[in-house]
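Note sheet for the following structure.
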Amino acid sequence: MVRISGPQATQIAAAILRLNNEPKSWTAVRGVLTDHDNSAIVDEAIVTYFAAPRSYTAEDVIEVSCHGAPVILRHCLDRAVRAGARLAEPGEFTLRAYLNGRIDLPRAEAVRDLIEATTLYQARIAAQQTQGSVSRLLAPIKTQLLELIALLEAGIDFAEDDISVAPVQEILRRLEPVIEQTATLVRSFRYGSLVHNGFSLAIVGEPNVGKSSLFNRLLQQNRAIVTAIPGTTRDVVSETIEFAGIPVRLVDTAGIRETEEPIERLGIERTYEAMADADLTIVVVDGAHPHSLIQTAGKQGKVLVVANKCDLPGFVSRPDEIPVSALTGQGVEALKEAAINLLAPGGETHGGFITSLRHENLLREAVAMLEKAKGAATDGLPHELLLLDLYCALQPIDAITGVTTADDILNRIFSTFCIGK
């Protein structure tokens, strides 16, 4: 499909296409794409017209659906450029939608996430954000903050009209839920970051404890070679899978043991490198034998201990180990859940979560300024100083949802107080 956006979209379309009917907004018509001198038909196309402002960019938009041959699409683009169009910059259609007020900034960011999604869960979350889920999460926070600002502004601006200024207890009562809700969103980024970026997971252990078997079980295919001979895995093997819709880069490694064999020693060195690079390390131990890697792995970062071969008679595991059978699949789902919970305690919150690092940084800044405002109120500082902190807390929230104008504040003041009788 070739998309043309701008005030001359319909004229350009008319110059490169022969249409069966005059295009009407939100309707599709059949047309033909011709060669450069309009003497021959190159392709049949479906042409859809979206009149401003009811289009993706809030401008006149023409979408030409051609057959998929690259040469045809290049020809359509070339003809459009010769007729007065220019090639769009990366992301320009979404940028125009944002600049024209069609979507807010969080929705624009979510479009990119939707395009880059690698799992259906990522796509679903991004689709929710394109519909404004992030702005809806922030709306009650911003509303409460604006109401508090309006209350204090009214008390300062109209003090001569005997409008009482809220006491400290009332200010704190209004401020504390704003702080808590904003801080909750900041904490939700631990899970949102996993959804957005995924994580890497290295499987380590001594030879023949079932690392490669567990790797294959998680992949649900025989990707790694499994034999009874110790030291079969000599190099790092990696694949990407998903845990509950979260992308996971799974890494199988060489078994760690004392050896003089040079190739195996090189593989063991790469095992330690994989542990250092991974977001989470799974140490696989044989439930029927002693193990000694847990402490070493723990120095590298977050660790889950998995006791394999729980299907064998006489199997014993400790309370801090997850019993798993790479042969039967028993315990594998519990392992996946434990991995996510370790990296993001609490998991998906019912109140929603944020997935953007930019949003998380801005909300952290807002929380810091809200805490400062709370301290100013508790210390009994003048309300003018308290308002400075509240406005500083509002700025990073505005950077996500859109700017708050002076008229917004005034409207809240006059809608809340009976002023100008």
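The values are calculated or read from the model by the stated rules, or taken from the named source; none is laboratory data. Quick caveat: nothing in here was measured; it's all calculated off a predicted structure. Methodologically, a virtual Cβ is constructed for each residue, glycine included, from the backbone with ideal geometry; neighbour enumeration extends over all protein chains shown.
Taking the criterion of being at pLDDT 85 or above, buried (at least 18 other Cβ atoms within 10 Å of the Cβ) and hydroxyl-bearing (Ser, Thr, Tyr), would at least one residue in the stretch 338-355 satisfy it? Within the stretch 338-355 (the criterion being at pLDDT 85 or above, buried (at least 18 other Cβ atoms within 10 Å of the Cβ) and hydroxyl-bearing (Ser, Thr, Tyr)), the answer is yes, since at least one residue qualifies. Within the stretch 8-26, residues that are touching a residue at least 60 places away in the same chain (Cβ under 8 Å) have Cβ atoms under 8 Å from residues that are exposed (fewer than 15 other Cβ atoms within 10 Å of the Cβ) in these pairs: GLN8/GLY84; GLN11/GLY84; ILE12/GLY84; ALA15/GLY84, counting only partners at least 6 apart in sequence or on another chain. Here the condition is being crowded, with 16+ Cβ neighbours inside 10 Å, modelled with pLDDT under 90 and touching a helix residue (DSSP H, G or I) at 6+ places or on another chain (Cβ under 9 Å); of ILE103, ILE149, it holds for ILE103 alone. Checked against (1) surrounded by 15 or more Cβ atoms within 10 Å (Cβ to Cβ); (2) over 30 Å from ALA126 (Cβ atoms), THR401 meets all criteria but (2).
Scanning the stretch 114-140 for residues that are crowded, with 20+ Cβ neighbours inside 10 Å and more than 22 Å from GLY101 (Cα to Cα) returns GLN122, ILE125. HIS359 fulfils the conditions (1) touching a Pro at 6+ places or on another chain (Cβ under 9 Å); (2) more than 23 Å from ALA166 (Cβ to Cβ); (3) modelled with pLDDT of 95 or more except for a single criterion, (3).
Quick one: in the stretch 358-385, which of the residues that are more than 28 Å from SER188 (Cβ to Cβ) and not acidic (Asp, Glu) is surrounded by the most Cβ atoms within 10 Å (Cβ to Cβ)? Quick ask: steps written out before the conclusion?
Of the residues in the stretch 358-385, the ones more than 28 Å from SER188 (Cβ to Cβ) are 379-385.
Among the residues that remain, those that are also not acidic (Asp, Glu) are: 380-383, 385.
Values: GLY380: 8, LEU381: 14, PRO382: 10, HIS383: 19, LEU385: 13.
If we take residues in the stretch 358-385 being more than 28 Å from SER188 (Cβ to Cβ) and not acidic (Asp, Glu), then HIS383 is surrounded by the most Cβ atoms within 10 Å (Cβ to Cβ).
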